[in-house]
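Sharing a structure with you now.
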Number of protein chains: 2
Amino acid sequence: MKCKRCREQAVVGLPSHNAAFCEPCFLLFFRRQVETAIRRQKLFTRQDRILVALSGGKDSLALMLELGRMEYDVTGLHIDLGIGESSRAARAKVEAFCEKHGFPLRVVEMEAEGLPMPLVKKYIKRPVCSVCGKVKRHYFNKVARDEGFNVLATGHNLDDEVARLFANTLRWDTAYLSDQGPMLPETEGFARKVKPLFRLSEFETANYAFLKGIEIHSDPCPFSSGASFTGHKLLWADLEHRSPGQKFGFYDKFLKNAKPAFASIDKEFGATLRPCECCGSPTSSERCGVCRVRDMLADKVCQEQGKDEA
Amino acid sequence: MKCKRCREQAVVGLPSHNAAFCEPCFLLFFRRQVETAIRRQKLFTRQDRILVALSGGKDSLALMLELGRMEYDVTGLHIDLGIGESSRAARAKVEAFCEKHGFPLRVVEMEAEGLPMPLVKKYIKRPVCSVCGKVKRHYFNKVARDEGFNVLATGHNLDDEVARLFANTLRWDTAYLSDQGPMLPETEGFARKVKPLFRLSEFETANYAFLKGIEIHSDPCPFSSGASFTGHKLLWADLEHRSPGQKFGFYDKFLKNAKPAFASIDKEFGATLRPCECCGSPTSSERCGVCRVRDMLADKVCQEQGKDEA
């Protein structure tokens, strides 16, 4: 297999792009896809202060490295979920990565915030993955607001986005469909949210991380029963195999043809938001959802201590 | 397995409805689904003159029998495609069925119309299934208009509809998405088109045809490489197996939530139509697509005869 660009020996085949690349040309391809995403979707400029959410996985670290090399103003943010050895290992990978490449990093500890995930799992009756997602999004936005970052970037790749779009489409959930995309504009109390890797597949970001020698945290979360949308991702692997390029086409044509239709009927929705009386985050009630979870945990812990003492 | 309704021994299990039925209760279930479709989607009333397209397959004959038993004003229409033994066998099944049940029947022969499918396959450079579909839709509408039927019913079932919706969704083809549904209203030159079996799966219509002892034409068309959307139907069988009821939910929520969104952005499209100078059918050019195919075939046959004589 020859590199499509320079005719050297290829190291990676990309049927979706009807191409194969050697290492330097694959890295150039990766760069071009990120550049195209930033330019066409107007994600950000070199004047923006960008906070990059770093879990320690291949996608977020690949994103950080590439944006840094492109000389964007990037700062990492890691949420330490407090899930024992798993969280310690993830945090260590993120800290080592940022130190190695000279990236500034913020770490927020859920233990210190009164929201460690083991307590959430023990006391909160909702699925822990759902609460964990909510808590992470809350702190992503809070740190961005508190420290003056106007853009929040996450490492969602094409497979993540397609699986989510597919799940929303199966339910024809117009509220989600009108919002889904690689750029959610800044609104009162919320930083702009961007997904610069949305044109790149999971295979492509994994390949980038491998070729760049990034040390990633790849162990699954001990609290999760598996990656989200696993069934949909398998189904899409089959569709993509039958018709290479279909995955990107589905997402890209959604953005061009369908999202405007959903946005046009969904304009009237959206509750009025005000600052949470506790943390100042935008919320439709007096206290935001995350502060309510924190309160519930504190109550439960108090009750348990009461029982122990009785 | 007991019947969900009467607790007798069940003969058919329907996981999508979390139910199993004995024969009489399944037939009642089938009836109720057709009634619900007609009522909720305002398909037609007992005052309408309904032309039912009969291929000879399980779906169209099941539809005809059930609408007849519900005392709607139904007349069958069979298009004899002229594909040798296959078409002779299909036509014989339709004629025997209508005679047995006392249904009036129109038959239009493509041989006599100068459009036999073997010639289409031989001379027309487009996929024969695509031209055949166009020709059938043309004569469905022409017979309806010429003979004063205001409603044209076809036997499309839930699996057909979901596979088509899924194909249109993968491409986010808003022109098709804004139109797809169980009822396309009457417009200038076009009869109302309805699909009263859209709430029933392929398995359910097959089961109905079997229980009713309908003799069906089940051989695949010799010109087709297989049923349309086979890949999508397999994929949906898997989705339905993982989450029973999802297939109907996808279609039903599309109609409720998404179709209005596509219709709202697609209003401005649609070419101006005028009557075909040859057959009077609505068309955007001077001669309609089917008359153009007929002309091409006549030219080709002439040329061949010229060669033979030379």
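Note down the net charge around B:Asp48, summing +1 for each Lys or Arg and -1 for each Asp or Glu among other residues with Cβ under 9 Å from its Cβ.
On the way: positive: B:Arg46, B:Arg49, B:Arg192; negative: B:Asp73.
It works out to a net charge of +2.
Could you check the spin-label model distance between A:Ala263 and A:Lys134? Points 7 Å from the Cα along Cα→Cβ, value in nm.
2.8
Where does the longest stretch of chain A lie that holds no trypsin sites (Lys or Arg not before Pro) found in a DSSP loop with 13 or fewer other Cβ atoms within 10 Å? Numbers along the way, then the final one.
Working: sites that count: A:Arg7, A:Lys42, A:Arg46, A:Lys125, A:Lys267.
Looking at chain A, A:126-266 is the longest stretch - no exposed trypsin sites (Lys or Arg not before Pro) with at most 13 other Cβ atoms within 10 Å.
At a Förster distance of 56 Å, what's the computed FRET efficiency of B:Glu304 paired with B:Ala19, Cβ-Cβ distance as r, to 0.05?
Numbers: r = 58 Å, r/R0 = 1.04.
Computed FRET efficiency for B:Glu304 and B:Ala19 comes out at 0.45.
Can you send over the solvent-accessible area of B:His78, 1.4 Å probe, protein chains only, in Å² to the nearest 10?
Ignoring ligands and nucleic acids, B:His78 comes out at about 10 Å².
Looking at the square roots a ≥ b ≥ c of the eigenvalues of the Cα gyration tensor of the stretch A:218-260, which shape do they give, rounded for a/c under 1.5, prolate if a/b is larger than b/c, or oblate?
Working: a/c = 3.41, a/b = 1.78, b/c = 1.92.
It is oblate, given that a/c is not under 1.5 and a/b is not larger than b/c.
Considering only DSSP beta bridges whose two residues both sit in the stretch A:38-265, what percent are antiparallel, to the nearest 5? Don't jump to the answer; show the numbers that get you there.
Details: 3 of 19 bridges.
Percentage antiparallel, nearest 5: 15.
Another question, if that's okay. Please report, in debye to the nearest 20, how large the charge dipole of chain A is about its Cα centre when each Lys and Arg carries +1 at its beta carbon and each Asp and Glu carries -1 there.
Details: 47 positive and 40 negative charges, 207 e Å.
Rounded to the nearest 20 debye, it is 1000 debye.
Residue separation times 0.36 nm, minus the C-alpha to C-alpha distance between B:Glu71 and B:Ser284: what's the value?
Working it through step by step, the gained length comes to 72.9 nm.
Give me the lysines in straight-line cross-link reach of B:Lys4: C-alpha distance below 23 Å, same-chain residues under 8 apart excluded.
B:Lys212, B:Lys247
Which of the helices in chain B meet the span-like rule: DSSP H, Cα axial reach of 27 Å or more, Kyte-Doolittle mean at least 0.0?
Values: long enough: B:289-309 (30 Å, -0.81).
For chain B, where a helix must reach 27 Å along its axis and average at least 0.0, there are no hits.
For the protein assembly as shown, give the magnitude of the charge dipole about the Cα centre (Cβ charges: +1 Lys/Arg, -1 Asp/Glu; no others), in debye to the nearest 20.
Values: 94 positive and 80 negative charges, 62 e Å.
Charge dipole of the protein assembly as shown: 300 debye, to the nearest 20.
Enumerate the residues in the stretch B:114-146 having an amide nitrogen under 18 Å from the point lying 7 Å beyond the Cα of B:Glu85 toward its Cβ.
B:118
Pop out the carbon and sulfur fraction of the accessible area of the stretch A:40-168 as a percent, whole number, probe 1.4 Å. Spell out each step's value before the answer.
Numbers: 2550 of 5390 Å².
It is 47 percent, rounded to a whole number.
Once the other residues with Cβ under 9 Å from the Cβ of B:Lys253 are scored (Lys, Arg +1; Asp, Glu -1), what is the net sum?
Working: positive: A:Arg171, B:Lys256; negative: A:Asp173, B:Asp252.
Net of charged neighbours comes to 0.
222 nm [θ] for chain B, helices only, -39500 (n - 2.57) per DSSP H run of 4+, per residue, to 500? Each step should come with its number before you reach the end.
Details: 12 runs with 150 residues, N = 310.
Only helices count here, giving -15000 deg cm²/dmol.
Count charges around B:Cys22 for me, please; just the other residues with Cβ under 10 Å from its Cβ, Lys/Arg as +1, Asp/Glu as -1.
On the way: positive: B:Lys2, B:Lys4, B:Arg5, B:Arg7; negative: B:Glu8, B:Glu23.
With Lys, Arg at +1 and Asp, Glu at -1, the neighbours total +2.
Let me ask another. Taking B:Val301 in one copy and the same position in all the others, each labelled 7 Å out along Cα→Cβ, what are the pairwise distances from the first, in nm, shortest first?
8.8
On a C-alpha basis, how far is the centre of the stretch B:237-310 from the centre of the stretch A:42-84 in Å? Whole number, if you could?
49
For A:Cys221, what accessible area in Å² do you get when you roll a 1.4 Å probe over the heavy atoms of the protein chains, rounding to the nearest 10?
Rounded to the nearest 10, the figure is 60 Å².
Shifting gears a bit: Check the straight Cα-Cα distances from A:Lys300 and name the lysines below 29 Å, setting aside those fewer than 8 residues away within the same chain.
Cα-Cα hits under 29 Å: A:Lys121, A:Lys122, A:Lys125, A:Lys134, A:Lys136, A:Lys142.
Let a ≥ b ≥ c be the square roots of the eigenvalues of the Cα gyration tensor of the stretch A:1-72; is it rounded (a/c under 1.5), or, if not, prolate (a/b larger than b/c) or oblate?
Values: a/c = 2.56, a/b = 1.92, b/c = 1.34.
Since a/c reaches 1.5 and a/b is larger than b/c, the shape of the stretch A:1-72 is classed as prolate.
Using a 1.4 Å probe and counting only protein heavy atoms, arrange A:Met296, A:Met64, A:Met183 so the residue with the most accessible area comes first.
The residues order as A:Met296, A:Met183, A:Met64, largest area first.
Let me ask another. Do any GluC sites (Glu not before Pro) in the stretch A:10-116 lie in a DSSP loop with no more than 13 other beta carbon atoms within 10 Å, and if so, which? Can you show the working numbers first?
Numbers: sites: A:Glu35, A:Glu66, A:Glu71, A:Glu85, A:Glu95, A:Glu99, A:Glu109, A:Glu111, A:Glu113; in loops: A:Glu71, A:Glu111, A:Glu113.
For GluC sites (Glu not before Pro) across the stretch A:10-116 that sit outside H, G, I, E and B with at most 13 neighbouring Cβ atoms in 10 Å, the list reads A:Glu71.
What accessible area, in Å² to the nearest ten, does a 1.4 Å probe give for A:Asp179?
80
Let me ask something else. In Å² (nearest 100), what accessible area is buried between A and B, both sides summed, heavy protein atoms only, 1.4 Å probe? Let's see the in-between values first.
Working: alone 16310 and 16330 Å², together 30680 Å².
Roughly 2000 Å² of accessible surface disappears when A and B pair.
Label position 7 Å from Cα toward Cβ: report the copy-to-copy distances for A:Cys6 in nm, one decimal, ordered from shortest.
Here A:Cys6 shows inter-copy label distances of 7.8 nm.
Given H placed on each backbone N at 1.01 Å, which residues far from B:Val107 in sequence or on other chains put an amide H within less than 5 Å of it?
B:His78
Moving to a separate point now. Which of rounded, prolate, oblate describes the stretch A:38-265, given a ≥ b ≥ c as roots of the alpha-carbon gyration tensor eigenvalues and a/c under 1.5 marking rounded, otherwise prolate only if a/b is larger than b/c? Show your work: numbers first, answer last.
Working: a/c = 1.34, a/b = 1.24, b/c = 1.08.
Taking the square roots of the gyration eigenvalues as a ≥ b ≥ c, the stretch A:38-265 is rounded.
Restricting the count to DSSP beta bridges whose residues both fall in the protein assembly as shown, what percent are antiparallel, rounded to a multiple of 5? If you can, show how the numbers build up before the last one.
Numbers: 18 of 50 bridges.
If we restrict to bridges inside the protein assembly as shown, about 35 percent are antiparallel.
Between A:Glu188 and A:His101, how many nm apart are label points set 7 Å from Cα along the C-beta direction?
3.7
The values are calculated or read from the model by the stated rules, or taken from the named source; none is laboratory data. The structure presented is a predicted model; accordingly, all values stated were derived computationally and were not measured. Cβ: placed from backbone, ideal geometry, glycine included. Neighbour counts: every protein chain shown. For the accessible areas, the whole protein counts, side chains as well, though only heavy atoms, and no ligand, DNA or RNA atoms are used. Shrake-Rupley method; radii C 1.70, N 1.55, O 1.52, S 1.80 Å.
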